[in-house]
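K.L.:
Questions regarding the structure given below will be posed in turn.
Read-outs throughout are calculated quantities, based only on the coordinates presented, and are distinct from any laboratory measurement. In this text, all values refer to a predicted model and were calculated from it rather than measured experimentally. Every residue, glycine as well, gets a Cβ built from its backbone with ideal geometry; the counts of neighbours run over all protein chains shown.
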Amino acid sequence: MKIHEYQGKALLKAEGVPVPLSQVAFSAAEAERAAREIIEQTSNQVVVVKAQIHAGGRGKGRFKEHPELGGVKVVKGADQAKAVAQQMLDSTLVTIQTGPEGKRVGRVLVEQGMDIASELYVAATLDRTTGRTVLMASTEGGMEIEEVAAKTPEKILKESIDPSVGLVAFQARKLAYGLGLKDNVAKKMARFLGKLAAAYERLDCSLLEVNPLVITGDGEVLALDAKATFDDNALYRHPAVEELRDPSEEDPAELEAKKFDLSYVNLDGTIGCMVNGAGLAMATMDIIKFFGAEPANFLDVGGGATVDRVTAAFKIITRDPKLKGILVNIFGGIMKCDVIAQGVIAAVKEVGLEVPLVVRLEGTNVEQGKKLLEDSGLRLTTASSLRDAAQKIVELAQ
C-alpha cells in the first residue's frame, strides 16, 4: 500500500524524524490559508506547492492542462500559492512514473521554503538477497535512484541491518561520514538515519524513502520528501496506517480483487491469466512471453478458492479493455478442478465471453472439471499441458 507525501511526513514526524512545516490543501482557498499560516510562523514569504499523487518525478512532470507548470512549484506569498493550487487541483499531472495518461491531482501540499545547502538521498528497504533491511544513502539527492544505480552505482552507500540488534550507531555514523558530512551535521544525520530505520521496522514498511533529504544553510537535517510503501500482509497491525489508503490512486480492479482475497496485479499485456499459486502464475506469465505475447495481469486465486471467488476473478479479468484472450491454468491440490470449472461457467454465463478462452486443468477432480466444461456449451479450448495452453491462447489471440 502506498500513501501520499504529506501522510508519509506526518508518520515520520510522529517517529521523531525532522520534517519541514507544511499543510495539505484540497482547494485553492485552503492552500491560501495554509500559506498564510506558514508564512506567519516562519517569517518567510517563500512557500512550495506540491501536487500529491502516488508517483515520483513530480518536479520534472508537466500538467496536461498547463504544460508550463510542473508538479512542484516555488512561489512567493499566499496569493501566488492560491493561484498555483488553483491550476494544479483537478488537473492531470504526467510524470515518468505515471505513463502518458497521467494522474489527476486532488490535493496539494503547501510547505515552507527552505534554505537548501545540499540535497541527499536516503532510504530503507528490503534486500531480498540477504533477507535483511538495507539502509541506503547517496549524495545524489533529488535524482531518480534508478538512474544513479545505472550510471554511478558507486555513489550509493549501503548498510545491512541485523534484525536482532537493529541499526547500530557506528553504521549510521559510517553512512553520514560516507556522505561527506562532518562534525555536528554528521551527528544530526546519524540520529536521522537511526529514527528512519526504526520507523521502517515499526511501521512494517516495504520502502521508506526520503528524496531529497536536505541539509539547510544553518546545518539542519530535514526530510524534504517522503515516500512510504507498506507490506499489505502487515496492515492488520496498523489500522491507523490502513486508513491512509487513497482509493482514487489505486487500480479499481486491484481494489475489487482485495475484497475477494485475490492476489491481482494489472499489467500492460493482452492475455488474461487465472492461475492458482504464485509460482505457477509466474511460470504461466513467463511462457506466454516465450510464445510472443504479454500477460495482461498476475492473478492467483489461491488454494482454497470458492466458486464465488473464481467468478469474481473472471469478471475482473474480462473488464480489461486490452484483453485479447484468457488462459486458465489450474493445478488442483487443495484447489479442486471442478470448483474452477463451476466458477468459469458461472462467470461466462453472467458476463459473456468476447475473447478466446483456453483452459488447462490438472490434479484433484480433473475429470469432473473437464466434463463440466465440455457439457457447458461454452466456446472454449482445452489444453493438455502448460506449453500447449500457452501456445494455443497466443495463436487464438492473434
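K.L.:
How would you order 38-46, 199-207, 82-90, 323-331 from highest to lowest mean count of nearby Cβ atoms within 10 Å? Mind dumping the intermediate values first?
P.N.:
Numbers: 38-46: 14.2, 199-207: 18.3, 82-90: 20.6, 323-331: 24.7.
Sorting 38-46, 199-207, 82-90, 323-331 by mean packing, highest first, produces 323-331, 82-90, 199-207, 38-46.
K.L.:
I'd like to know which of LEU386, ALA199, ILE156 lies farthest towards the positive end of the charge dipole of the chain, counting +1 on Cβ of Lys and Arg and -1 on Cβ of Asp and Glu.
P.N.:
Of LEU386, ALA199, ILE156, it is ILE156.
K.L.:
Hey, if you put +1 on the Cβ of every Lys and Arg and -1 on every Asp and Glu Cβ in the chain, which of MET285, LEU327, VAL359 ends up farthest toward the positive end of that dipole?
P.N.:
The one lying farthest along the dipole's positive direction is MET285.
K.L.:
Let me spell out the model: positive unit charges on the Cβ of Lys and Arg, negative unit charges on the Cβ of Asp and Glu, origin at the Cα centre of the stretch 127-251. What dipole size does that give, in debye rounded to 20? Write down the numbers at each step before the final one.
P.N.:
Numbers: 16 positive and 23 negative charges, 189 e Å.
In debye, rounded to 20, the stretch 127-251 gives about 900.
K.L.:
Work out, in µm²/s and without decimals, the Stokes-Einstein translational diffusion coefficient of the stretch 220-369 at 37 °C, 0.692 mPa s, Rh from Kirkwood over C-alpha pairs.
P.N.:
Working: Rh = 16.6 Å.
My calculation gives 198 µm²/s for D.
K.L.:
I need the calculated FRET efficiency for the pair ARG132 and THR216, taking r as the beta carbon distance and R₀ as 35 Å, to the nearest 0.05. Write down the numbers at each step before the final one.
P.N.:
On the way: r = 32 Å, r/R0 = 0.92.
The value I calculate is 0.65.
K.L.:
Rounded, prolate or oblate, given the Cα gyration tensor of the stretch 21-112, with a/c below 1.5 counting as rounded?
P.N.:
prolate
K.L.:
Kindly rank 291-298, 390-397 from highest to lowest mean number of other beta carbons found within 10 Å of each residue.
P.N.:
Details: 291-298: 18.8, 390-397: 21.5.
Sorting 291-298, 390-397 by mean packing, highest first, produces 390-397, 291-298.
K.L.:
What is the sum of charges, Lys and Arg at +1 and Asp and Glu at -1, for the other residues whose Cβ falls under 14 Å from the Cβ of LEU262? Walk me through the numbers on the way to the answer.
P.N.:
Values: positive: LYS258, LYS259, ARG309, LYS315, ARG319; negative: ASP232, ASP251, GLU254, GLU256, ASP261, ASP300, ASP308.
Surrounding charge for LEU262 is -2.
K.L.:
In debye, nearest 20, what is the charge dipole magnitude of the chain about its Cα centre with +1 on Lys and Arg Cβ and -1 on Asp and Glu Cβ, if you could check? Spell out each step's value before the answer.
P.N.:
Working: 48 positive and 55 negative charges, 62 e Å.
Its charge dipole is roughly 300 debye.
K.L.:
Charges only on Cβ, +1 for Lys and Arg, -1 for Asp and Glu: so what's the dipole of the stretch 43-96 about the Cα centre, in debye to the nearest 20? Walk me through the numbers before you get to the answer.
P.N.:
Working: 8 positive and 4 negative charges, 37 e Å.
For the stretch 43-96, the charge dipole is close to 180 debye.
K.L.:
Which residue fluctuates the most in the chain, going by a Gaussian network model with Cα springs under 10 Å, if the choices are ASP375, ASP338, ASP218?
P.N.:
With Cα springs under 10 Å in the chain, the top fluctuation among ASP375, ASP338, ASP218 is at ASP375.
K.L.:
Suppose the chain between ASP246 and ALA278 were pulled fully straight at 0.36 nm per residue; how much longer would it get relative to their current alpha carbon spacing?
P.N.:
Working: separation 32, 0.36 × 32 = 11.52 nm, distance 2.64 nm.
Net length gain for the segment: 8.9 nm.
K.L.:
With runs of 4+ DSSP H residues as the only contributors, calculate the mean residue ellipticity of the chain at 222 nm using -39,500 (n - 2.57) per run, divided by the residue total and rounded to the nearest 500.
P.N.:
-11500 deg cm²/dmol, from helical runs alone.
K.L.:
Looking only at the chain, where both bridge partners belong to it, what percent of the DSSP beta bridges are antiparallel (to the nearest 5)?
P.N.:
Details: 52 of 68 bridges.
In the chain, DSSP labels about 75 percent of beta bridges as antiparallel.
K.L.:
Further question on the same structure: So which residue, out of LEU93, LEU386, LEU12, gets the largest mean-square fluctuation from a GNM of the chain using Cα contacts under 10 Å as springs?
P.N.:
LEU386
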